[in-house]
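What follows is calculated from the coordinates using simple rules that are stated; it is not laboratory data. Predicted model, so just to flag it, every value in this text is computed and none were measured. Every residue, glycine among them, receives a Cβ derived from its backbone with ideal geometry; neighbour counts consider all protein chains shown.
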Amino acid sequence: MSSDHKIAVDVAKTLIPALSIEARIFTDQSTAEFKELLIRWSDVDIQVPSAIFQPSCEEDISQIVNGAAKHNIPFIAKAGGHNLFHLRSISIDISAQIATIQAGVLTKPVNEAVTKAGFMIHSANAANVGHIGFLLGGGSSALMGMHGLAIDALISARVVTATGRVVTASTTENEDLFWALKGAGQYFGIVTEATVKIFPQTTEIISWACIFAPPQIKRVATAVKELVDGGDQKSLVVAMIAIPPGPPGQTKPVIIVSITHFGSEAEAGMTMKPLLAVNPIAEMKRQTAFSNLTDAADRIDKKGGFKLIVTCGLKGFDPEKFEKCLDAWTGLLNGHPEAASTFFMWPSAPDEESFKAALQSSEDFVALCQADQEESDKAAFPSHSRMTSVEQRYRGEGRRQKLGGIKKTWDPEGRFTKEFL
């Protein structure tokens, strides 16, 4: 046992009397319970903490942060597993059209709660993503075209700061912190509760997917460009190249293009017209409830294994580059068939060696997509990767300088990482 580990365990145990009766602490790394709590969505760069806390209230979090800060012990918060699991309250004010959501709430319960009340909300595309984490990174969702990013709907947040103090951040209180929370919140504190706008559901929701064979790639790419350039703000368009669901051992990819349309089936049909003209080899169409919007992602929403999201921001859809994506995917599987769970841009594999190949292939394809961009135009969505440069995740020197100034005010010691210091 290292001295740092022993100190961290000892400090964690001294905090027990200050916590609520319901709070729990785990320090024995050999137990099944500790190992279960440690499981992540991805095994990439997984690290084992000296202690795992399960606070049951905001005051517990304050005590833990304060204790860790006093002894200079690093810490991190996680919404969906350990840490904030017990903070799962969802409160909906129908007349005000707002929802107040605690830090341990996952996507699926949020969607179910707002659906029951007759509303929709910005939420992640997978059931087991922590809602607050999704929100603080910007929050891209199916509602983007109609209502912007999730962070645009943030009204206020309760935050445990680097010293353990609890503050409210909004447009009228601690405005600088509120500004920083909207896209970079994970670097400034632990948000224990957020109040956000919700939106009445007044239309049907149509999920429609078309599957194409590889020889159709050129026509599919042209059709996708027509969809994207059409600017239908009520539809989310997703295009991917992947192995279709089925028995293990398949190596032939398909091209999948789907839309989630907030409107009638007839309207969705008009949006899908360019794709249907290509004659898909299969199609699936159904009306869905908002509460079930993440169901299609359940297959890839499992914990464990090596996987990451690798994306980049583009000003337009380039059909030729999408065609080259198929070549990149085929080349990857020729050399590393174990990486068959990869789909662009989602490198995935059961072992580290195959994952590294999948990741390199994805990064090479991103470089191809960005090849004609000026350095200042290159962009990456903050929620998708923390490995991309800070210049791409938070564009503009003025924006980064402002974040740095706020960081020095609220977290000068870098308790929530050294980003922006």
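Sum -39500 (n - 2.57) across every DSSP H segment of at least 4 residues in the chain, then divide by the residue count to get the 222 nm mean residue ellipticity, nearest 500.
Computed ellipticity for the chain at 222 nm equals -10000 deg cm²/dmol.
What is the extension gain from V228 to E323, computed as 0.36 nm multiplied by their sequence separation minus the C-alpha to C-alpha distance, in nm to one decimal?
Using 0.36 nm per residue and subtracting the Cα-Cα distance, I get 32.6 nm.
Out of F75, I256, F343, whose Cα points farthest toward the positive end of the dipole of the chain (charges: +1 Lys, Arg; -1 Asp, Glu; placed on Cβ)?
Positive-most Cα among the choices belongs to F75.
About the Cα centre of the stretch 3-70, what is the dipole size in debye to 20, counting +1 per Lys and Arg Cβ and -1 per Asp and Glu Cβ, all else neutral? Can you show the working numbers first?
Details: 6 positive and 11 negative charges, 37 e Å.
Dipole magnitude for the stretch 3-70 comes out near 180 debye.
For the pair S2 and K285, how long in nm is the line joining their label points, each one 7 Å along Cα→Cβ?
Going from the S2 label point to the K285 one covers 5.8 nm.
So which trypsin sites (Lys or Arg not before Pro) in the stretch 310-403 are both in a DSSP loop and have at most 11 other Cβ atoms within 10 Å of their Cβ?
K315
If one computes the Cα centroid of the stretch 166-186 and of the stretch 30-100, what distance in Å separates the two points?
Between the Cα centres of the stretch 166-186 and the stretch 30-100 lies a distance of 20 Å.
Could you calculate the contour length gain from V390 to V167, that is, 0.36 nm times the residue separation minus the distance between their Cα atoms, to one decimal place in nm? It would help to have the intermediate numbers written out before the result.
Working: separation 223, 0.36 × 223 = 80.28 nm, distance 2.67 nm.
In short, 77.6 nm is gained.
Any idea how far the Cα center of the stretch 1-27 sits from the one of the stretch 147-163, in Å?
Here the two parts' Cα centres lie 29 Å apart.
Report, please, the projected area of the chain averaged over directions, based on the convex hull of its C-alpha atoms, in nm².
Computed as one quarter of the Cα hull surface, the answer is 21.4 nm².
Given the peptides 59-72, 7-20, arrange them by the average over their residues of other C-beta atoms within 10 Å, most packed first. Walk me through the intermediate numbers first.
On the way: 59-72: 19.0, 7-20: 15.3.
Descending mean neighbour count gives 59-72, 7-20.
Run the reach check for K35 against lysines, Cα to Cα strictly under 17 Å, same-chain hits fewer than 8 apart removed. What comes back?
Excluding near neighbours in sequence, the set is K78, K302, K303.
Kindly state, to the nearest 0.05, the FRET efficiency for W179 paired with R219, given R0 = 45 Å and r defined as their beta-carbon distance.
With R0 = 45 Å, the Cβ-Cβ based efficiency is 0.50.
Test of understanding: what is the full-extension gain from F199 to A297, defined as 0.36 nm times their sequence separation minus their Cα-Cα distance?
Residue separation times 0.36 nm, minus the Cα-Cα distance, leaves 33.0 nm.
Which of the aspartates and glutamates could be linked to K408 by a straight reach, that is with a Cα gap under 13 Å, when you skip same-chain ones fewer than 8 residues away?
D176, E419
Which of the residue pairs K116/K307; K252/K324; K182/K402 have a Cα-Cα distance greater than 22 Å in the structure shown? Before the final figure, lay out each step's value.
Details: K116/K307 33 Å; K252/K324 16 Å; K182/K402 13 Å.
The pairs that break the limit, which is 22 Å between Cα atoms, are K116/K307.
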